[in-house]
Amino acid sequence: MITFEQVGVRYADASEPALRGVDLTVPEGELCLLVGPSGAGKSTLLGTVSGLVPHFTGGVLEGRVTVAGRDTRTHRPRELADVVGTVGQDPAGHFVTDTVEEELAYGMESLGLPPAVMRRRVEETLDLLGLAELRGRALSALSGGQRQRVAIGSVLTVHPKVLVLDEPTSALDPGAAEEVLAVLQRLVHDLGTTVLLSEHRLERVVQYADQVLLLPGPGEPPVLGDPAELMARSPVRPPVVDLGRLAGWDPLPLTVRDARRRAAALRERLPAPPDPPAPAAAPPAATAIATASRLVVARGPVPALRGVELALFPGEITALMGRNGAGKSTLLGSLVGLHAPASGTVRVNGLVPHKSRPKDLIRSVGLVPQDPRDLLYAETVAEECAAADRDADAEPGTCRGLLATLLAGIDDERHPRDLSEGQRLTLALAVVLAARPPLLLLDEPTRGLDYAAKARLVDILRTLAADGHTVLLATHDVELAAELAHRTAVLAEGEIVADGPTPDVVLASPTFAPQTAKILPPYLTVADVAKALTPQDQP
Ligand SMILES: Nc1ncnc2c1ncn2[C@@H]1O[C@H](COP(=O)(O)OP(=O)(O)OP(=O)(O)O)[C@@H](O)[C@H]1O
Ligand SMILES: Nc1ncnc2c1ncn2[C@@H]1O[C@H](COP(=O)(O)OP(=O)(O)OP(=O)(O)O)[C@@H](O)[C@H]1O
């Protein structure tokens, strides 16, 4: 259905091609999962299928990509719209209408579908993606995950033969991600739709994949094959595969269920009862650096926070979890003064955020926003880093050093706009981390990040916490929360409904439990399991 013939892509001014030697066919009616490290060229490859590369991105496309027999070089994206539905990494950037319902109908209108069909499909899609309550909402008044759902819905209504999705669950809560993947799988099975999607959180998707397409690194030719076989040699792997490798299981499990069936022997080798595997929380100091008390915040017509009580302590890392639209970003925004409370109070380091001058606030708190573009304004990576050092009174080279530690291979002269998603997020992280604020707020800090980059971020945040910094991260990444957070708080419809040590909170809920905890409770991570096995037990 999708054929690549000797495909390569080189962006202007780049010393190396972003993609080369792609020569393969994605079979019709299968779900093909594209995996690979940050910056390996996944979005570029997807762009050659949707026609965005090179028509919108510039650069040179070599070779030939055909979709349902149409050459994507000679057909512009618009001329492919009836066969290919595309959702990019920045769905909001591509919205063309104002409200949820209009956006769902737009693609069908452009194709001239009869009104009765449009009506029916809009209703179906609203239900399928849990958007019915939001149907009349302005797109600008949606949370990040709500926007991503609308973007996915807007291509589903067209019933294209091929779906090309770039990290389609990156902003979705765990439940919504499962629903979207189940919908995609149903399209593949029932309608024979061909789905090509990239994803970093393999624990969410690998079990749905018929094929895996692995891009091992920048410019390296891809490999297409059976998911279990490719996971055995992939540089990026979900925890369940790492656990299988640790235990020496063959074939490797791809699902929690497979692993659980194999785990009896491993369970016996683990010390019983296992030590509490919680990352040792720093004892909370007596005084909180930030507090919210009976905090109510309205966003447009909706109260986004409804009486939030929260105290954050030096040395503590807290994960803030909860469904899309629960109010996580609003809470982080309130702590940096973006939203004034309707009632109740917020204090950060003795300041009232929304009444403080940015100059004062910046010494106390830093936020990496959900969309890193909101933070980046320079023309090149090097300038962005130099400005960050100046703004933070940091030693020149601090930000650039952090960037290099987090992710190798980012070009100094590149415009931040042209970075891959993971590269851009890493740049935003480095900019904020360079300032070493006492309170560090991170909104979904792992979009586009591969496992290795995530592990390095974990190291940096742990070191900061050990130095007495406070970290609050809003995330849907249950593996990250289990690995990193001392404490987890859960928001639901603007209220904190759980708040406690991470193991207690995540073990109490299948939604927030990481893979390892589902296989070998109460262990939370593969690293915990490895540590608990006696040295001679380790392969
Ligand atoms: N428009 C562009 N101009 C110049 N370089 C680009 C452009 N888009 C991407 N690149 C570069 O091409 C390489 C591959 O980027 P791409 O976005 O395809 O990676 P990716 O695998 O999707 O990464 P991620 O997992 O972070 O989303 C990166 O080094 C990136 O900086
Ligand atoms: N700009 C806005 N104007 C009006 N309402 C908004 C706006 N942004 C968000 N909302 C609404 O406020 C509520 C809380 O949104 P918020 O972005 O804080 O949620 P979230 O928990 O961060 O969600 P996600 O996980 O999807 O990012 C949601 O109902 C959302 O639709």
The ratio Rg/Rh over the Cα atoms of the range 2-236, Rh being the Kirkwood inverse mean 1/r radius, stands at 0.95
For the chain, would you read off the P(r) tail past 43 Å as a percentage of all alpha carbon pairs? 16 percent
Potential lengthening between Ser509 and Asp467 on full extension [0.36 nm per residue; Cα-Cα distance subtracted]: 12.0 nm
Eigenvalues of the Cα gyration tensor times 5, then square-rooted: what semi-axes does that give for the range 290-514, in whole angstrom, largest first? 27, 20, 16
Zone of Ala404 (label point 7 Å along Cα→Cβ, backbone N under 14 Å): which residues in the range 458-488? none
Binning at 10 angstrom from zero up to the longest distance, how are the C-alpha pair distances of the range 139-221 distributed in percent? 15, 49, 29, 7, 0
At a Cα cut-off below 12 Å, give the aspartates and glutamates reachable from Lys531, other chains included and same-chain residues fewer than 8 away excluded. Asp275
Provide the FRET efficiency to the nearest 0.05 for the Asp190-Asp412 pair, computing r from the beta carbons and using R0 = 56 Å. 0.70
Under a crude label model (7 Å from the Cα following the beta-carbon direction), how far is Asp391 from Arg260 in nanometres? 4.6 nm
Overall Cα dimensions of the range 379-426, principal axis frame, Å, largest first: 28, 22, 15
Gain on full stretching of the segment that runs from Thr97 to Arg245 - 0.36 nm per residue minus C-alpha separation: 48.5 nm
Kirkwood hydrodynamic radius for the range 69-208: how many Å is it when counted over pairs of different Cα atoms? 15.3 Å
Sticking with the crude label model, points 7 Å out along Cα→Cβ, report the distance from Asp90 to Ala530 in nm, one decimal please. 3.6 nm
Can you tell me which lysines have their Cα less than 27 Å from the Cα of Lys359? Leave out same-chain residues fewer than eight positions away. Lys328
Per DSSP H run of n ≥ 4, the term is -39500 (n - 2.57); total these for the chain, divide by its residue number, and report the mean residue ellipticity at 222 nm rounded to 500 deg cm²/dmol. -9500 deg cm²/dmol
Beyond 21 Å, how much of the Cα-Cα pair distribution for the range 209-365 remains, as a whole percent? 66 percent
P(r) for the range 1-137, please, calculated from all Cα pair distances in 5 Å bins and given in %. 2, 9, 16, 19, 17, 14, 11, 7, 4, 1, 0
Run the numbers on the chain and let me know its relative contact order in percent, using alpha-carbon pairs under 8 Å that are six or more apart. 15 percent
What FRET efficiency, computed as 1/(1 + (r/R0)^6) with R0 = 45 Å and r the Cβ-Cβ distance, is obtained for Glu109 and Glu495, rounded to the nearest 0.05? 0.70
Taking loop as defined by DSSP and a crowding limit of 13 other beta carbons within 10 Å, which GluC sites (Glu not before Pro) in the range 371-413 fit? Glu379, Glu413
Taking K and R as +1 and D and E as -1, what net charge do the other residues with C-beta under 13 Å from the C-beta of Leu202 add up to? -2
Cysteines of the chain without any disulfide-compatible partner (other Cys Cβ under 4.7 Å) are Cys32
Rg over Rh, two decimals, the range 380-501 (C-alpha only, Kirkwood Rh): 0.99
Please report the equivalent ellipsoid semi-axes of the range 467-511, computed as sqrt(5 x eigenvalue) of the Cα gyration tensor, largest first, in whole Å. 17, 13, 10
As a Kirkwood estimate from alpha-carbon pairs, the range 293-421 has a hydrodynamic radius in angstrom of 16.8 Å
Fewest first, what order do His339, His354 take by the number of other Cβ atoms within 10 Å? His354, His339
The relative contact order of the range 373-453, taking Cα pairs under 8 Å that sit 6 or more residues apart, comes to a percentage of 35 percent
Eigenvalues of the alpha-carbon gyration tensor of the range 439-519, times 5 and square-rooted, give semi-axes in Å, largest first, of 20, 16, 13
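Taken together, the values in this text are just the output of simple stated rules run on the coordinates, not laboratory data. Computed from a prediction, not measured in an experiment: that's the story for all the values here. So basically every Cβ, Gly included, is an ideal-geometry build from the backbone, and we count neighbours across all protein chains shown.
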